[in-house]
Structure formats: C-alpha cells, structure tokens
Protein chains: 4
Amino acid sequence: MKRIGVLTSGGDAPGMNAAIRSIVRCALHEKLEVVGVLRGYDGLINEEIRTMDHASVSNIINRGGTILKTARSAEFMTREGRKRAMDVIRKNKIDGLVLIGGDGTYRGGIALTEEFEIPCIGVPCTIDNDLNGTEATIGSDTAVNTALEAIDKIRDTATSMERIFVVEVMGRESGFIAMQVAVGGGAEDVLIPERKFDVEEMCHDIVEGNIRGKISWIIIVAEGAAKGEAIARQITDFTSLETRVVVLGHVQRGGSPTAQDRILAARLGAEAVGLLLKGESGKAVGVVSDEINIVDFEFAVRKKILETDKIYNLMKILT
Amino acid sequence: MKRIGVLTSGGDAPGMNAAIRSIVRCALHEKLEVVGVLRGYDGLINEEIRTMDHASVSNIINRGGTILKTARSAEFMTREGRKRAMDVIRKNKIDGLVLIGGDGTYRGGIALTEEFEIPCIGVPCTIDNDLNGTEATIGSDTAVNTALEAIDKIRDTATSMERIFVVEVMGRESGFIAMQVAVGGGAEDVLIPERKFDVEEMCHDIVEGNIRGKISWIIIVAEGAAKGEAIARQITDFTSLETRVVVLGHVQRGGSPTAQDRILAARLGAEAVGLLLKGESGKAVGVVSDEINIVDFEFAVRKKILETDKIYNLMKILT
Amino acid sequence: MKRIGVLTSGGDAPGMNAAIRSIVRCALHEKLEVVGVLRGYDGLINEEIRTMDHASVSNIINRGGTILKTARSAEFMTREGRKRAMDVIRKNKIDGLVLIGGDGTYRGGIALTEEFEIPCIGVPCTIDNDLNGTEATIGSDTAVNTALEAIDKIRDTATSMERIFVVEVMGRESGFIAMQVAVGGGAEDVLIPERKFDVEEMCHDIVEGNIRGKISWIIIVAEGAAKGEAIARQITDFTSLETRVVVLGHVQRGGSPTAQDRILAARLGAEAVGLLLKGESGKAVGVVSDEINIVDFEFAVRKKILETDKIYNLMKILT
Amino acid sequence: MKRIGVLTSGGDAPGMNAAIRSIVRCALHEKLEVVGVLRGYDGLINEEIRTMDHASVSNIINRGGTILKTARSAEFMTREGRKRAMDVIRKNKIDGLVLIGGDGTYRGGIALTEEFEIPCIGVPCTIDNDLNGTEATIGSDTAVNTALEAIDKIRDTATSMERIFVVEVMGRESGFIAMQVAVGGGAEDVLIPERKFDVEEMCHDIVEGNIRGKISWIIIVAEGAAKGEAIARQITDFTSLETRVVVLGHVQRGGSPTAQDRILAARLGAEAVGLLLKGESGKAVGVVSDEINIVDFEFAVRKKILETDKIYNLMKILT
C-alpha cells in the first residue's frame, strides 16, 4: 500500500470535509501518497484526480459540503462503468480507496470489491443515520441540530400567531431526523416512514385540543412519510383550521459540522486508513458505545431498524 | 394620559418583544399605567387585556415572537367592530394606544383615530421593511440574517453537488429580503416584485455558464414575484438541468432578534411613549440617518419605493 | 408515591430546563403531584417550593439556565442543614426527589438518603461530562459546541493575523471539553488535568513550526490544567512570539441546548420518574450505548477516567 | 489606471473578505488588473504580491478573517519603510491602491499619498465603528452581534445562579460595541471610555437592588474603560457579593459577517474602485443615510464623537 485514493459520493453531509482532512493527514503521517477523486464515482471514471498534501485540507474542518465535490453516477451502476473506473485506478497506481458516503456509496464499494482486486474501506457520512454498524453517521448530528434551530424559530411564530405548522424534514426512508427534532423541538406529533400513522386521529386530537384552548401545533413530517403540503391540507379539510407548511429542504445538508460530527470524522477517517494498511477491504468503520466498530459493507447497508415506539410515546407524553 | 395600552398585530416579527419591553418600562418610568392587549385588534374587541408591570417584560428582550400574541382581525375591519373596540378602550380607561406592527396595523390605527378620540402611535415592526418614514423596521434585519444563514448552508450543497438551487424567501409585495440576501449571499440572480424579470434570459445565462464550467447557481425568488417551484420548473424545461427548490417560509419570522432590531425596538418604543405623553396621535415613529423620525400613519403606509437597479447590477457584477 | 419534588443544584448546564419539563410532565402523566424546589438544596432548607403543572414548563425546552434556579448550599453540607431540609420535605409531603445536577448534587443525594427515608434519583446534568455510568451528561454536548463555535471564530483571526492564541475553556478537574474542542477545532495542542504536559517541548514545536512558516497556533487549556495567561506568558518568554489569550468562561454554561442534550433530558427525566415509582432510591440514570443505564450515586461520583492518549495522538497527527 | 492593488491592514474584522471580493470583481469588470498584497503594509514592503482573478475570491463572502492576511507594520511607520513600499508599487506597476482597514490603515494611506504619487482609497473595516464619514464600518455589526450572543448565554447563567457578571468587550478607545450590547443585551450597566463613571454609585445600586431582591446583574465594560477583573474586584470589595468575569476577547473579531456587513462591503468595495477610476485619491468611502459618502482620510481618522447620554439613560430606564 503506497498510494490511496479518497472520494465523497451521494448526497453531501456536514463533516465530509473533516473526514477528508483526517484521511489525508493520517495517510501522509503513514508515509502514504494520497489522491483525491473529484465528483465521486463519476470522477473516478473520468479520471478527475488530484494529489493531496497537508495544505490541501487546511481550514476545511469547519466547512460544510465537500471540497472533493460529490455526484451520483449512473455510469458506475453498469459493469462497463466500473471497468473503466478500475482502469483509472490501475493507471493511477491507486492501491486502496476510502469511500465517504452512505448506502449508495457502500453499494458502489461492494460492486467494486467483488469484481476487482481493489481494497475499499467505507466511512459513514450521511445525514440520515441509516447505516448499520454505527450508532451515528457523520453529518446526522449537524442535520438534526440545523432542523431543530429552524423549528425553534417556527415555534416563536406558531405560539404568537396560534397556528398549526407542518414542518417537512429530510428522510426518504428514514425517520431519524424527524423523530429527533420532534422530541428535541417539543413537537406535538411526527410522521415517519417507520410507523403507521392515522391523520384522522391526529385531527381529532387537534380539535379536542382546540376546545381546551391549545391552538398552536407543530407537526413534523419526514419527507418519506408524506408531503407536508398534503398533511396540511388534510388537517385543514378536517378541522377547518388554518395551517402553514415549511419544507426545510437542503438547508439541512449544509452548515458547519457540530463537534460530534467533526470528532467522529477525525476518528473514523484515521481508522479507515489504518484498515487499508492492515490489508482489509469491503469493510465500513463506525462507532458503537464510543468504541470503533468494523462491519462488512453488506451488513452496513442492510435496512437499519429504528426503534420508535418508546420515543414516540415519550414525545406524546411530553407535549 | 394616565393609562396606555400596547398591542402587536399582523404577522409577527423578531423584536416585537423587545419593543413591548421598551414601551412598558418607559411608560412605567413616566408613572403611567400600562395594559397589554392580547391578539391585536381582535383581543381589543374581545377585551383580552392584562395589566403589565416591570416583571411582565423580564427576560423577553432576546425572544422571537410576541408575548402579547398577534392575530389578523376581520371584525376590526368593520365599523361595528371598531365601535366595540372603542367601547373596550373606554371601559378600561385606556387613554392612548401603542400599535406595534406593519402596514395593516397602521391602517387599523388610521381608522381608529379618524373615527374616535383615542390617541394612537405606531411602532414599525415587520420583516418586510416596507414602511415609509423609517430606514429600517424592527425585525427586518433579523429576517434577512436568518435567510442569509440558510443560504450559506445551501451554498455548501450547491457547490458540492453542482446544482441549481431556487430559494424562495418572504416578501409578498416587497423584494427587500430577497435583494438583501441575494447581495449578501453572493447569489447568481434574484426575482423581486419591483423588477421585471426575463426568466428565459436567465436560462440563457445558465446554459452559457454551464459551457464555461459554472454549474452551481443560487437564484433567490421573493414569494411575491413568483413561486420558487414554478421558476425551477421553467429552468429545467429550458436547460434540461436538474434544479432544487427551498422555501424558507416562516423560519424567517422567528428567532432571537439581532442587535440592530433590539436597539431599534428600545429607541422606538421609548419614542412612542414620549409622543403619547406629548399629546400626539396618528403618527408612526422611525429612524432616518440614526435620528428619530416621525411621520403620519398615512405617509407611513404609502407604497415604499425600493430602488433596485444599482444594487441589482452590483450583484450581477459580483457573481 | 403521590407527590414528588424536583430541584437543580450546582453549576447550571444547558438542558436543565428540558429535564425539568420531562420530569414534571412525566410525573403528571403518572398522576403524581409535582413541586419545584427553587435554588437547589438551599431552597429546600428555606422551603422555597412551588407547585408545578403542565403549563409551568411550557416553552422552556429550548432555553438555557434553569427556571428553578440553582445555588450551592453551605448549610446543606451540615447535618443540621440536612435535618432542616428533611423537615421541609416532610411538611410538604414530598415522597421522593429528583435531583438534577452533577457530582455535588449527587453527594447531597447520598447524604440525604443515608440519613433519612426519602427516595432520591439523580439526573446527570453538568457541562463537564465527568459522571460515571453515563456516556454523556446533559449539557456537555452544548458546552462543547459553544466553545467550538468560539474557537472557529478565533481561528479566523489567528490565521489572518498569524498569531498564537491560548484559549482557556472550562473544566476544573476534567479535560473533557478541552479535548473535544481541540480535536473538533483542529487545535495545535491541548493541556488538560489528566495528562502531564511539557510546555517547553511545545515551545520547541512552535519555534520549529515558525521556521517552516507555520505561524498561527491555537492552544486549548482546560482551566484545571493551567491558567491561559500563564501558558501564554511562558510561550512568549520562550519563543519571543506574541500571544493572545481568550478565556471563554461562563459563556459555555448558557445557550439553547443541542438536540442531543434535549433528547437526553427527555429520556433521563422520564426514567427518573419511573424509578421513583418503582420504589428505587440512591440511583442515578444515564445512557450507555443508547440504552438507559442505572447506577448507584456512589459509583456515579467516583472519579471518571478520561482516556486521552489515543485521541491526543490523533489530534497531533491531524494538525 | 490599468492595475490596482488591494490590501487589508490592522486588526482583522468580519467582512474584509467580502470587501476584497467586491474590489477584485468590480475591478476585473472594469478591465483592470488586480493584485492582492499580503500582510498589509509589511507585505507591500516585502513584495508579497499575488495576482487576483475571479476565482481568487470565490466562496469567501461568508468567511471571517482575510485571505490577504493582515499585520501591523513598524517599518512602514518610517519614511524609509514607505520608500521601499513605493519602490515595490512602482516595480509592480501598481497604479492605485485600495486600503481596507481602520484608523491606522488610513494613516498609512495619508503618509503614502502625501509623500508619493500613488492614488489611495480607503474602505472602512474595523469592529470599533470609530471612523468619521460613515454611519457604519464593515465588521462592527458582526462584532456587536457576536458579543450580544455571548451575553445572551451569560444571562442564562446569571439569572439561574443569581450572580453579578462583569463582561469585558473590545473597544480600546471606543465604547461603541459596549454601548450597543448593553442596550441590546438588557445589561444593568455599562462602562465606556467616553463617559465618566462612578463605580461606587453602581455598587450602591447593586446593594439597594439586592435588598429589593434583584440579585443578578450584567455589567458591560469596554476594555478601554477599565479591566473587567478590576471592576469585579471593586464590586466584591464594596458589596461582599460574588462576581464572575468574562473577557470575550478575540472571539469578537471572527465569524461569518452579518448581512449588513456583507452588503456594506459589496457597496463600498465597488465605490472604492470607481473612485480610483475617476482619478481620486486620499479619500475614504462610507455610508450615511443609506447613501454613499466620501470624505478625506484626514477627516475620517479624526476622533469620532459617540453621543451616549440619551442611549445610556434609556438603557438605565429599561433595566
């Protein structure tokens, strides 16, 4: 192992830069050469590669986004595309890859390692916290806090105007962000893909609350559970009360990473380099109980079960 | 003048609480009694009134929303409603009113002072900064900074993913927030109600930029100029490039007020009380060139002209 | 168990209010009566007690500080003081206490439960994260992020002015905050009570770095390890380079709690009420590996070992 | 005018980067060549010069500090030093300079333009807002908001612990930041260089307040008025009450600039380039009543009078 490559792929997440910094500097410390691959797997295919030194990653620890940029690659989904990627890897004498991203990124790693002889290690970096083998993915803590700050602001208006707000947060298949901000934001209810939900029942609650004088509501909706607009319309149709919708959208992907995300990035980046040096491949790093945890890509991408009953009930008790 | 009332009306804005605090404490300092009217003009009609003392406004200077709550009142729009409001004013021995809000709030004040003998002074508090007679309204600086922080986050993703983002900000009739955040956020373009805009021309720019390698764009849209969704669709139709939409919505109304908004609230609240004591009525307070400025309600609500050519051109040069 | 009391004691920490909210509402949900004790153990002795209902804890989830206020009590350290406290507990028919705070708060609980028949459960709430039996204490995540944001700002100036900054953070006996922000902030070095440190060696590094052109440094100092001023003077004496000192101080205790701290507060508050109902006493709640963990007060207050070698070395590699 | 230089000098301030961006891009738009001078006047003397293009200033609008770095230059204070600087200017064919900074920066400009034939235009960028001819300097709005956020956090603890806090803010000769945050933060008192202050009288107020039950105080001290530590000691000596000191220090210089500071930077940078093109020299740009205002360097650096009686009295009424 003389020369490694690092790439970020899929949706960007806060802390990707901190992870790149850790990987590059740890690799240099181990006397490895490091190249950065731009635009994820697409850039690998197109040989968008640049040498990284110590200074390449200066002053990025606190910045959102990724200096290596990211993309989703249709071509890499094909056997032909991956073959071309592998040609670039060989041509550039890359002996191992660190893949920073989520589910899709790891699946790319699975395909690559199954078909070719190139060691790949994954670093979990996605706002959805939906990978197995780690209690937290890099970026999820920041995304939750960003959404929470927005909800705190919405609460000011909801209370002052006495209105019902439906706030749509990210999470196509995962209710992680939604559940966290619902509890943290003191929301009145939350809809997530992992739980059946009865909008009509909620509307009954709203009407009853209204009679008791409770007029301001915040309802969190994970984008994968429903459209915020649709839920708001249902509520208005049923209760005749005015509703307002906020779709937080991509604001949740950006911003300076929290301490937790930066420290996680530092630790997991270092670990990934260490695993490559040990000759490992097809593994993802993670943290469980504050200890490093290593799992196979296949396990990491398996549907993560989010236990929600207890926390949902607690949320309802607390509102 | 022995006893004054204070109310907040219309859309809430950051700094309303700081204004209430200033009015209450300045009035108490002048040995006046003060009552707070809940829910704006609606609460006036319904006699939702409570006595305010020094402690009533403790620890609110930094809080968004309004402790007096706010509402839009259909009943007050009728002569009958205003008559009932005036009965409540008389019954509660209120000798003068401070009205905190925007355009609609002031129009309420105009109707009230024209029809009855009750002195009213307005304090400009709206995120749109669309009142005449003041360089800034309380709340507009905070709203602009809140939107700007969101745009900074979006920029992280826009740059990393190399996408076109359309960001819809508040401003039904005013492009103030949109223009400020476009310049402050380094946006590529901005659509506001005050300017004609050629979407097709912008699409040409995008295509040309794309050829030169400029792929990430942020386009700000004031809600009064167009729907963000519609503009995004037009861009995609024309350029075949992917777009993302963010609608910042009510997040912009909440949050802790900036220093400027708090200081403005302190000064203008004090001035409003002073005017009532001097026997003035039908006036709005404001600040011009860092000096207090007093104008008639009628002037304050006249359509404010936002000069945009120079600043728009500067924005285009800077991108 | 019909009626419980809740108090906050010792230094305040972000999330105390969120914990109070959880305890009060969970207790009410279980049909318990709840009283809040003001000013910690001092307020207990002086019978500063007020009944808490659902509305008593509205809109506090996102606020720093504690609505119950906090104090350090000299009198409670005496047997006589505790006897008086117990008299108040009996007089007010309080059947159990939830004690929110850190080390000193728990020691109060130990004394109380040893001497009298009053069930006490502890909720860990301290910025230092220095209690055993829990991976995180409520407030520590917020404090770390607050300090980190300050360090990000200092980095702007340190880089622009090319200066050496010594930043003193909180932590009298614990280097937790210092270590976290050193790694998260990309600091060049860190002094904590848990590690021997050779200032002269660091000065040699600085001089050598200076020769290579590295001129801006950020050095984190936990208040328990050294005075920031003293370290800065040593550096200047040794290297003849200018230094600047920042003492972050009590800023680290305040502010709106992070999502993690709020969710932890929600969960641990609920658990504390549950334990009282089960007849438990002399225990502290906590979280390990995202699961609730319950330990004796005696174990909780035992000196927590902070493993620092690995993370310190990583920090040095990454700078 | 074919080629201009830009430098930042003195203490850094948020918005310097936004100003550099505006100057560079406006100059390029006018077909000028632009060079950046590193490390202020020192870098000019040492010919630390680099060509700036459109991309040189990408993604810096929201960043604190200055990419051109800054320094204080002893050598430039000598006639000999300035002569060497002028040699570099000539050698590099620089036809005009934009000087970004405060008082000291402008004085450098005065010396340079008096002794040599090099047009210089100043852009006001200092957190102290102490330059004549402009209602606001770039950076002051951000610094005030940064200090205010810290004070909001301190207020959480001050209220919870019922303590007296003395908060020292920046401002060696100017009480601008101190006064703004005192009013905006709802402080109980403020000490600034511009006003005589009787600490003993304040201590009497504290004692009296204490008797009435007012126990938590926040007292703001501008560093130029007194040392926070000294004031705290005086208070404790006189009142026997515990005090806490926070010295915000260089945190106030950093951070992402506010909307106001970014927009000001955009406008003033553009104006500075325009003035150079018009053949002007020895002038500083500014804003008065939202209009561009141009003054001589000599006027700009004259001691700015800060009117404080009215705002100080208002602050006292509001606490």
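The values are calculated or read from the model by the stated rules, or taken from the named source; none is laboratory data. Keep in mind it's a predicted model, so treat the numbers as computed, not measured. Cβ: placed from backbone, ideal geometry, glycine included. Neighbour counts: every protein chain shown.
Rundown of residues vs (1) under 13 Å from residue B:161 (Cα atoms); (2) in the same structural domain as residue A:98 (by TED's automatic domain parsing); (3) free of Cβ contacts under 8 Å to residues at least 24 places away in the same chain, yes/no style:
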site: A:19; (1), (2), (3): no, yes, no
site: A:23; (1), (2), (3): no, yes, no
site: A:26; (1), (2), (3): no, yes, no
site: A:39; (1), (2), (3): yes, yes, no
site: A:43; (1), (2), (3): yes, yes, no
site: A:50; (1), (2), (3): no, yes, yes
site: A:61; (1), (2), (3): no, yes, no
site: A:66; (1), (2), (3): yes, yes, no
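Would you mind stating whether residue A:50 is more than 14 Å from chain B (Cβ to nearest Cβ), basic (Lys, Arg) and closer than 27 Å to residue A:130 by Cα?
In short, no.
Among the residues of segment A:220-229, is any within 11 Å of another protein chain (Cβ to nearest Cβ), farther than 27 Å from residue C:19 by Cβ, of a type outside the set (Asp, Glu) and surrounded by fewer than 24 Cβ atoms within 10 Å (Cβ to Cβ)?
Among the residues of segment A:220-229, not one is within 11 Å of another protein chain (Cβ to nearest Cβ), farther than 27 Å from residue C:19 by Cβ, of a type outside the set (Asp, Glu) and surrounded by fewer than 24 Cβ atoms within 10 Å (Cβ to Cβ), which makes the answer no.
Would you mind listing the helices (runs of 4 or more DSSP H) fully within segment A:62-162 where at least 2 residues are basic (Lys, Arg) and more than 26 Å from residue A:258 (Cβ to Cβ)?
Answer list for segment A:62-162: A:79-91.
Consider residue B:244 carefully, then state whether it is touching a Lys or Arg at 6+ places or on another chain (Cβ under 8 Å) and among the charged types (D, E, K, R).
Yes.
If you scan segment D:27-40, which residues turn out to be within 12 Å of another protein chain (Cβ to nearest Cβ) and surrounded by fewer than 23 Cβ atoms within 10 Å (Cβ to Cβ)?
Within segment D:27-40, D:28, D:29, D:30, D:38 meet the criteria.
Quick one: how many residues across segment D:288-319 are in contact with a strand residue (DSSP E or B) (Cβ under 6 Å, 6 or more places away or on another chain) and among the β-branched types (Val, Ile, Thr)?
2
Among (1) within 14 Å of chain A (Cβ to nearest Cβ); (2) among the polar types (S, T, N, Q); (3) under 24 Å from the mean Cα position of the chain (by Cα), there is one condition residue B:59 misses while meeting the rest; what is its number?
Every condition holds for residue B:59 apart from (1).
Name the residue that is surrounded by the fewest Cβ atoms within 10 Å (Cβ to Cβ), counting only residues in segment B:73-102 that are basic (Lys, Arg) and in contact with a helix residue (DSSP H, G or I) (Cβ under 7 Å, 6 or more places away or on another chain).
My answer is B:84.
Could we say that residue A:172 is surrounded by fewer than 24 Cβ atoms within 10 Å (Cβ to Cβ), touching an Asp or Glu at 6+ places or on another chain (Cβ under 7 Å) and either of a type in the set (Gly, Ala, Ser) or at negative phi (or both) here?
Answer is yes for this residue.
Based on this model, can you work out whether residue B:64 counts as surrounded by 24 or more Cβ atoms within 10 Å (Cβ to Cβ), within 11 Å of chain A (Cβ to nearest Cβ), at pLDDT 95 or above and touching a helix residue (DSSP H, G or I) at 6+ places or on another chain (Cβ under 6 Å)?
Criteria met by residue B:64.
Which of the residues that make up segment B:236-255 are crowded, with 23+ Cβ neighbours inside 10 Å, more than 7 Å from every other protein chain (Cβ to nearest Cβ) and at pLDDT 95 or above?
Passing the criteria: only B:252.
Could you pull out every one of the strands (runs of 3 or more DSSP E) wholly within segment B:1-60 that has 1 or more residues that are basic (Lys, Arg) and over 19 Å from residue B:260 (Cα atoms)?
So the answer is B:3-8, B:49-52.
Say we look at segment A:152-166 and pick out the residues that are closer than 17 Å to residue B:41 by Cα and crowded, with 23+ Cβ neighbours inside 10 Å; which of these is modelled with the highest pLDDT?
By that ranking, first place goes to A:160.
If you scan segment A:286-319, which residues turn out to be small (Gly, Ala, Ser), in contact with a Gly (Cβ under 8 Å, 6 or more places away or on another chain) and under 26 Å from residue C:22 (Cβ atoms)?
None - no residue of segment A:286-319 is small (Gly, Ala, Ser), in contact with a Gly (Cβ under 8 Å, 6 or more places away or on another chain) and under 26 Å from residue C:22 (Cβ atoms), so the list stays empty.
Between residues in segment A:207-219 that are under 19 Å from residue A:237 (Cβ atoms) and residues that are assigned to a helix (DSSP H, G or I) and among the small types (Gly, Ala, Ser), which pairs lie under 8 Å by C-beta distance while being six or more apart or on different chains?
So the pair list comes out as A:215/A:209; A:217/A:158; A:217/A:209.
Go through (1) among the aliphatic types (A, V, I, L, M); (2) closer than 27 Å to residue A:22 by Cα; (3) in contact (Cβ under 8 Å) with a residue 60 or more places away in the chain for residue C:251 and report which single condition fails.
The number of the failed condition is (2).
Looking only at segment C:163-196, count how many residues are in a loop (DSSP other than H, G, I, E, B) and either without any contact (Cβ under 8 Å) to a residue 12 or more places away in the chain or more than 13 Å from chain A (Cβ to nearest Cβ) (or both).
Selection size over segment C:163-196: 12.
Of the numbered conditions (1) within 22 Å of residue D:283 (Cα to Cα); (2) free of Cβ contacts under 8 Å to residues at least 40 places away in the same chain; (3) within 14 Å of chain C (Cβ to nearest Cβ), residue D:160 satisfies every one except a single condition; which is it?
The failed condition is (1).
Which numbered condition trips up residue A:133, out of (1) out of contact with any strand residue (DSSP E or B) (no Cβ under 9 Å at 6 or more places or on another chain); (2) touching a residue at least 40 places away in the same chain (Cβ under 8 Å); (3) over 25 Å from residue B:154 (Cα atoms)?
Unmet condition: (1).
Which helices (runs of 4 or more DSSP H) sit wholly inside segment D:233-319 and have at least 3 residues that are more than 17 Å from the chain's Cα centre (by Cα)?
D:259-277, D:309-318
Could you say whether any residue in segment B:206-213 is within 14 Å of chain A (Cβ to nearest Cβ) and surrounded by fewer than 23 Cβ atoms within 10 Å (Cβ to Cβ)?
Scanning segment B:206-213 turns up at least one residue that is within 14 Å of chain A (Cβ to nearest Cβ) and surrounded by fewer than 23 Cβ atoms within 10 Å (Cβ to Cβ).
Residues of segment D:104-131 being of a type outside the set (A, V, I, L, M), in contact with a helix residue (DSSP H, G or I) (Cβ under 6 Å, 6 or more places away or on another chain) and within 14 Å of another protein chain (Cβ to nearest Cβ), which ones?
Passing the criteria: D:125, D:129.
For segment C:121-143, which residues satisfy the criterion of being buried (at least 22 other Cβ atoms within 10 Å of the Cβ), of a type in the set (A, V, I, L, M, F, W, C) and out of contact with any Phe, Trp or Tyr (no Cβ under 8 Å at 6 or more places or on another chain)?
Result: C:121, C:123, C:125, C:127, C:138, C:143.
On the basis of being at pLDDT 95 or above and more than 22 Å from the chain's Cα centre (by Cα), does residue B:123 make the cut?
no
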